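Taking it in order: structure first as structure tokens, then the write-up.
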Amino acid sequence: MTNSAENRVTIHILGEEYVVKGKATADHIRKLGTYVDDIMSEIKQKNPCLSTMQVAILAAVNIASELHRIKEDYDDLLQLLQESDSPSEFRSEHR
């Protein structure tokens with residue numbers, strides 16, 4: 001996903017053009033731009049009276065919420081895996 005050279009990629013969000021520089025692949029940067037544009041467009045469509053700044057803040061909160069939920073799910077999954085790998089105090093014996 002990353003390489004040593006920085007990529008410069010033009011993305012479009014809510015009809016505005018932005019040049020993003022990063023070490024991620026150009027394709028990855030484009031996907032992120034599309035993701036943000038999709039979220040902001042959906043918010044703007046549902047709330048046409050909001051300013052672009054308000055839409056951006058709501059999009060940031062939505063993305064942060066999604067990230068937080070995914071991190072919690074990941075931590076829960078790691079906990080389950082650790083519990084399943086640890087030896088159990090109780091063992092079933094078959095005779």
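For helix 52-85, what angle does its Cα long axis make with the longest principal axis of the chain, in degrees from 0 to 90 and rounded to 10?
So the inclination is approximately 20 degrees.
With springs only between Cα atoms under 10 Å apart, run a GNM on the chain and tell me which of Ser65, Ser84, Ser51 wobbles the most.
Among Ser65, Ser84, Ser51, the largest mean-square fluctuation in the Gaussian network model of the chain belongs to Ser84.
Would you mind checking the tilt of helix 26-46 against the longest principal axis of the Cα atoms of the chain, expressed as 0 to 90 degrees and rounded to 10?
The angle comes out near 80 degrees.
Among all the lysines, which ones have a C-alpha under 22 Å from Lys44's C-alpha, if same-chain residues fewer than 8 places away are not counted?
Within the straight-line limit of under 22 Å, Lys44 reaches these lysines: Lys31.
Work out, in µm²/s and without decimals, the Stokes-Einstein translational diffusion coefficient of the range 1-89 at 37 °C, 0.692 mPa s, Rh from Kirkwood over C-alpha pairs.
Rounded to a whole number, D works out at 209 µm²/s.
We did not get these values from a lab; they are worked out from the coordinates using the rules stated. These numbers were taken from a predicted model, which means no experiment stands behind them.
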